[in-house]
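Here the structure is laid out as structure tokens; the discussion comes afterwards.
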Amino acid sequence: MRPAATARSLSAHAVARVLREGVTLDAALKNALVGAESKLTPSVRSLSYGAVRGYFRHEAILGKLLSTPVRSLDFLVRAILSVALYELEDERSPQYAVVDAAVQTAKATDAGRASGLINAVLRRYLRERKSVDAEIASRPAPRHAAPIWMADRFRADWPVRWTQLLAASDAQAPMWLRVNRRLATTSEYVAQLRAAGIEAREEPRVPYAIVLDAPRDVHELPGFAQGVVSVQDLGAQCVAFPLALAPGQRVLDACAAPGGKTALMAEREPNLAKLTAVDIDPHRLSKVRENLNRAQLDAEVLAADAAAPGAWWQGEPFDRILLDAPCSGLGVIRRHPDIRLRKSPSDIDKLPALQGKLLRATWELLKVGGRLVYVTCTLTRSENRNVIAAFLDEHREASLVPVEAWEGWPGFGEDDGFGRQILPGEAGADGFYYAALTKT
Ligand SMILES: C[S@@+](CC[C@H](N)C(=O)[O-])C[C@H]1O[C@@H](n2cnc3c(N)ncnc32)[C@H](O)[C@@H]1O
């Protein structure tokens, strides 16, 4: 009979699945925690997130200590080592207890044959830690746990600020809330939070945004179940400005799931003629319905391909289209550290073609004089500026809506000649790209 699962073995299995299968860490954790004692959940989550967040630094450390390539090790062995290295960095458990626990985890799982190697490599790390850590700290990519391809892309697109961007992607993200101004003002809600013992502050440049001093479980937030607030990054909340919503408009959210921006639009302008939320992934669409229902908001929700509107579009054009396109997500890595493990350069290189296709297809649904807002949560020029530039080259009837016409825009981001790039960490936001187009 196998020994009972520990937080370490459950974490190692979750991390190994991310490495092996490219699933999200949240999906791997959900699976790993089925049948586990609920008291283990917080430690499993924090060990797994810590290991994934530091994974590429851990690989670099192991590369200095092993005589064989790290990638030749089994996924589970790498995951056990990464969990242990995270615990050593975290310094909450005594060093030798961490090493022993890693060895025991290996013995209790399919990694038993590697228990000697795990013991040897971790003990060697403890002996040589000072020099190994100093060498790792001298190189920006491993220091900030970034894969080399990511560091190379940041450097190519942001030659002056690439190390700053690696550091920002390695930082902990703050928890931002969007207050439904129909139900409370931000100052009222900050007061409600304070009464509940939760410290927060308003962001005056985005008049419905609040940031918490420390992340909280959403169920601790007053009025969360009634839709008074939603969790949404500050960068994502900026979508309302370039859209310039107004009563009576027909609005399409073309890539809507999980519905954060759909709900924001419904909250910001309650008198739209129609709000249609489309997503190709029916699983993720159930989240859109959940988000709308919680806040008692309404929209038509369609599982459909936005790039093939012939199958679902009724022929009446939209005044506003939000295209929050699928992207590499390199602006939100601090929130989703598993992106670094799950994406590859070849995946990213396929995205501009998909983004261009979605842009061309949804453009056909826009009214003359209407506005299409293109959004990504990434930093690569190929998915942002270049997509818009190529589109404008092909579409003489399309022109840019300048940022001066994005009513209320909080001044975030920098102009790249086409749109605004918010870099991760600016004003505490994730990295987002916005461009607005109009049809003549
Ligand atoms: C960046 S996410 C959207 C996030 C969402 N707008 C929000 O704020 O919560 C991109 C979405 O595009 C969807 N998607 C990808 N290809 C699509 C397509 N061809 N048609 C419609 N949706 C698509 C994905 O399923 C994913 O949910």
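When Rg and the Kirkwood radius Rh are both evaluated on Cα atoms of region 176-231, their ratio Rg/Rh stands at 0.90.
For region 209-216, backbone phi angles converted through the Karplus equation (6.51, -1.76, 1.60; θ = phi - 60°) give residue-by-residue couplings of 9, 9, 10, 7, 5, 8, x, 9 Hz, Gly and Pro being listed as x.
Considering only Ala32, Ala51, Ala214, the mean-square fluctuation computed in a Gaussian network model of the chain, springs between alpha carbons under 10 angstrom, is largest for Ala214.
With springs only between Cα atoms under 10 Å apart, run a GNM on the chain and tell me which of Trp313, Trp363, Trp409 wobbles the most. Maximum among the listed residues: Trp313.
For the options Lys39, Lys357, Lys343, a Gaussian network treatment of the chain with springs between C-alpha atoms closer than 10 Å singles out Lys39 as fluctuating the most.
If you take all other residues with their beta carbon under 13 Å from the beta carbon of Arg113, and give Lys and Arg +1 and Asp and Glu -1, the sum is -1. Ordering Ala12, Tyr125, Ser46 by Cα displacement along the dipole of the chain toward the positive end leaves Tyr125 in first place; charges were set at the Cβ atoms of Lys, Arg (+1) and Asp, Glu (-1).
For region 386-440, the relative contact order is 36 percent, taking Cα pairs closer than 8 Å that sit 6 or more residues apart in sequence and dividing their mean separation by the residue count. Once backbone amide H atoms are built at 1.01 Å from N, Leu275 has Val251, Glu300 as its partners under 5 Å, excluding neighbours fewer than 5 places away on the same chain.
Per-residue ellipticity at 222 nm computed for the chain from its helices equals -13500 deg cm²/dmol, with DSSP H segments shorter than 4 residues left out and the rest contributing -39,500 (n - 2.57). Bridges between two residues of the chain, per DSSP, are antiparallel at a rate of about 60%.
Is the shape of region 346-440 rounded, prolate or oblate, going by the alpha carbon gyration tensor and its root eigenvalues a ≥ b ≥ c, with a/c under 1.5 for rounded and a/b larger than b/c for prolate?
Working: a/c = 2.13, a/b = 1.16, b/c = 1.84.
It is oblate, given that a/c is not under 1.5 and a/b is not larger than b/c.
In percent, how large is the relative contact order of the chain, given Cα pairs closer than 8 Å and 6 or more residues apart? Provide the component values of the computation, followed by the final result.
Working: 783 pairs, mean separation 56.2, N = 440.
Relative contact order here is 13 percent.
Rounded to whole numbers, the Karplus 3J(HN,Hα) couplings from phi for region 109-114 are 10, 6, 9, x, 5, 9 Hz, using 6.51 cos²θ - 1.76 cosθ + 1.60 with θ = phi - 60°, and x at Gly and Pro. Residues of region 385-411 with backbone nitrogen within less than 11 Å of a virtual label 7 Å along the Cα-to-Cβ line of Lys357, please, listed as ranges. Backbone N within reach: none found.
Each residue, Asp90 and Trp149, gets one label point 7 Å from its Cα in the Cβ direction; the gap between the two is 2.9 nm.
For region 138-239, a Kirkwood hydrodynamic radius built from all Cα pairs, placed in the Stokes-Einstein relation at 25 °C and 0.890 mPa s, yields a translational diffusion coefficient of 158 µm²/s. Pairs from the table (Lys39/Lys64; Lys261/Lys439; Lys30/Lys287; Lys30/Lys343; Lys274/Lys357; Lys261/Lys367) lying more than 26 angstrom apart at Cα are Lys39/Lys64. Note that region 16-69 shows a convex hull volume over its alpha carbon atoms of 97 Å³ per residue. Give me log10 I(q)/I(0) at q = 0.09, 0.11, 0.13 Å⁻¹ for the chain, Debye formula, one equal scatterer per alpha-carbon, no solvent. Debye output, listed in q order: -0.63, -0.91, -1.19.
Would you work out which of Ala97, Val368, Gly315 lies farthest towards the positive end of the dipole of the chain? Charges go on Cβ: Lys and Arg +1, Asp and Glu -1. The Cα lying farthest towards the positive end belongs to Ala97.
Its Kirkwood hydrodynamic radius, worked out from the mean inverse distance over all distinct Cα pairs, puts region 339-393 at 12.4 Å.
Any read-out appearing in this document is the output of simple, stated calculations on the displayed coordinates, not a laboratory observation. Because the structure is predicted, anything quoted here is derived from the model rather than measured. Using ideal geometry, Cβ is built from the backbone for each residue, glycine included, and neighbour counts are taken over all protein chains shown.
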